[in-house]
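In what follows, a single structure is set out as structure tokens and then discussed.
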Number of protein chains: 2
Amino acid sequence: MKKAVVLYSGGLDSTTCMAIARDQGFAAYALSFNYGQRHTVELEKAREYAPLIGAAEHMVVDVDMRQMGGSALTADIDVPKGTPTGNEIPVTYVPARNTIFLSFALGWAEVLGAADIFIGVNALDYSGYPDCRPEFIQAFQQMANLATKAGVEGRPYQIHAPLINLSKAQIIEQGLALGVDYRLTHSCYDPTPEGLSCGQCDSCRLRLKGFADANRVDPIHYVAD
Amino acid sequence: MKKAVVLYSGGLDSTTCMAIARDQGFAAYALSFNYGQRHTVELEKAREYAPLIGAAEHMVVDVDMRQMGGSALTADIDVPKGTPTGNEIPVTYVPARNTIFLSFALGWAEVLGAADIFIGVNALDYSGYPDCRPEFIQAFQQMANLATKAGVEGRPYQIHAPLINLSKAQIIEQGLALGVDYRLTHSCYDPTPEGLSCGQCDSCRLRLKGFADANRVDPIHYVAD
């Protein structure tokens, strides 16, 4: 079985992405990061869910991005509530986060002998994040093939971003078609200590809108439930 | 004063690189990594030397690359002694290391509002490392400008690799011309617990050959002294 490294946060997108990688015949090596995110419940859920959704292995890399600051997800800036504006780069943007995450995925892929990396970025719902666009993914792949032993020796890497042009509703529909159990996903940026989702942050709103647009019921629990 | 992030290991190359950045008028923000390297004395030296060589600030990021394995510098593989072969990729190569380091530099640069990143890679002496070549640096820069808020908003990053085409002797000569005190540098991959350099590993041999080729005496202490 061919191996692929799958960036995995425990969220709806990366869980769907892992289902797609497995459906394409890959053994999925799930990679998560303990990067000082405020929503560490995300990481606990990822550890719990990874084996349940079929990861061949799950590695959590400790990397302290709080020192760098600059984001509401890692620094002392309030997570915004309310309607996303859509075009501005949000304060929840973490500088160079996907670049850093993909770089580790590349290192692990090289050690595993894997030529494929999956990332669940999405250009439509997250248009404000520069590192979620197809041109970024393409540029990272070109760089990766110049950075590595495998690339230099003619075994090029492919960075797969299968969700990049899908709406949240389409992602959910595709995941359900592949048998994803969305109870085993977590999206909220600002959950309660008990792990209930707030229902108000950008991530919750996009998720809820996705389920609504797909005419499905979100199976997870919210504060307002 | 314009800010630049300078990747800084405490070694000869990155110390010279910092002197070049400062000579070009930048305030140098030194960035080091605690990545599970066997030669942690390198990091202690970097903390001690950074203020002495004029860093405006020094950040050490903890990032555990040992979990990934695959290199003599982080895993349980012997550090080779003897004559470097020159053309093979050595076992001291750490998968995707420079990609990972530059990604963090990019994140910190974005937070600092810096548009310049310096890295002391060298294509001549380390021809076996794919991520020390000019084509890699160029590809990283292109990717960086698609990955970031600043890049998207028309404030492009420049990745400076001023040593890339210099021999070790030329690096030393340039550093001495800029007033670098090479006692405040450390190169050995496998130092004694007291911090003496082994004189036998690839890094020591390249350093000693550089000083010899430049007709200079290396001011640091070796086991055989």
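Just so it is clear, none of the values below were taken in a lab; they were calculated from the coordinates. Everything numeric here is computed off the predicted structure, so don't read it as measured data. Quick reminder, even Gly has a Cβ in these numbers, built from the backbone with ideal geometry, and neighbours come from all protein chains shown.
Brief remarks follow.
- For the residue pairs B:Lys2/B:Lys209; A:Lys149/B:Lys2; A:Lys2/B:Lys149; B:Lys2/B:Lys149, the alpha carbons lie more than 24 Å apart in B:Lys2/B:Lys209; A:Lys149/B:Lys2; A:Lys2/B:Lys149.
- Residues of the range B:31-58 with amide N under 17 Å of the 7 Å Cα→Cβ point at B:Val223: B:38-42
- Taking label positions 7 Å along the Cα-Cβ direction at both B:Arg183 and A:Arg155, the computed distance is 4.8 nm, reported to one decimal.
- The smallest convex shape that holds all Cα atoms of the protein assembly as shown, its convex hull, gives 138 Å³ per residue.
- The range A:106-159: proportion of alpha-carbon pairs further apart than 16 angstrom, %: 43
- Cβ-Cβ distance of B:Asn165 and A:Thr192, R₀ of 56 Å, FRET efficiency by 1/(1 + (r/R0)^6): the value works out to about 0.50.
- Taking every alpha-carbon pair under 8 Å whose residues sit at least 6 apart, chain A reaches a relative contact order of 23 percent.
- Order of A:Met18, A:Met59 - criterion: other Cβ atoms within 10 Å of each residue's Cβ, fewest first: A:Met59, A:Met18
- Remark: the range A:187-200, residue by residue, has Karplus-estimated 3J(HN,Hα) of 10, 5, 6, 9, x, 5, x, 7, x, 6, 7, 6, x, 10 Hz, where x stands for each Gly or Pro and the curve is 6.51 cos²θ - 1.76 cosθ + 1.60 at θ = phi - 60°.
- Sorted fewest first by neighbouring Cβ atoms within 10 angstrom, B:Glu173, B:Glu110, A:Glu42 come out as B:Glu173, A:Glu42, B:Glu110.
- Rounded to the nearest 20 debye, the dipole magnitude of chain A is 340 debye, with +1 charges on Lys and Arg beta carbons, -1 on Asp and Glu beta carbons, and the Cα centre as origin.
- Database remark: amide H of A:Phe118 closer than 5 angstrom to the amide H of A:Val5, A:Val6, A:Leu7, A:His160 (H placed geometrically; neighbours at sequence offset of 5 or more, or on other chains; Pro and chain starts carry no H).
- Residue order, fewest to most surrounding Cβ atoms within 10 angstrom, among A:Asp131, A:Asp190, B:Asp62: B:Asp62, A:Asp190, A:Asp131
- Number of partner chain Cβ atoms within 10 Å, mean per residue of B:109-116: 3
- Cα-projected label distance for A:Gln24 with B:Asn215, points at 7 Å along beta-carbon direction, nm: 5.9
- Per residue of B:55-67, other chain Cβ atoms within 10 Å of the residue Cβ number 3 on average.
- Separation between Cα centres of the range B:166-225 and the range A:11-45, rounded to whole Å: 44
- Under the combined filter of DSSP loop state and at most 15 neighbouring Cβ atoms within 10 Å, the range A:151-225 retains these trypsin sites (Lys or Arg not before Pro): A:Arg216.
- Loop trypsin sites (Lys or Arg not before Pro), the range A:1-65 (other Cβ atoms within 10 Å of the site Cβ: 13 or fewer; DSSP): A:Lys2
- Our coupling estimate for the range B:216-225, obtained by passing each phi through the Karplus curve with A = 6.51, B = -1.76, C = 1.60 and θ = phi - 60°, is 10, 9, 5, x, 8, 9, 10, 3, 7, 5 Hz, Gly and Pro reported as x.
- Selected from A:Val121, A:Val61, A:Val180 as most flexible by GNM, with chain A as the system and alpha-carbon contacts under 10 Å: A:Val61
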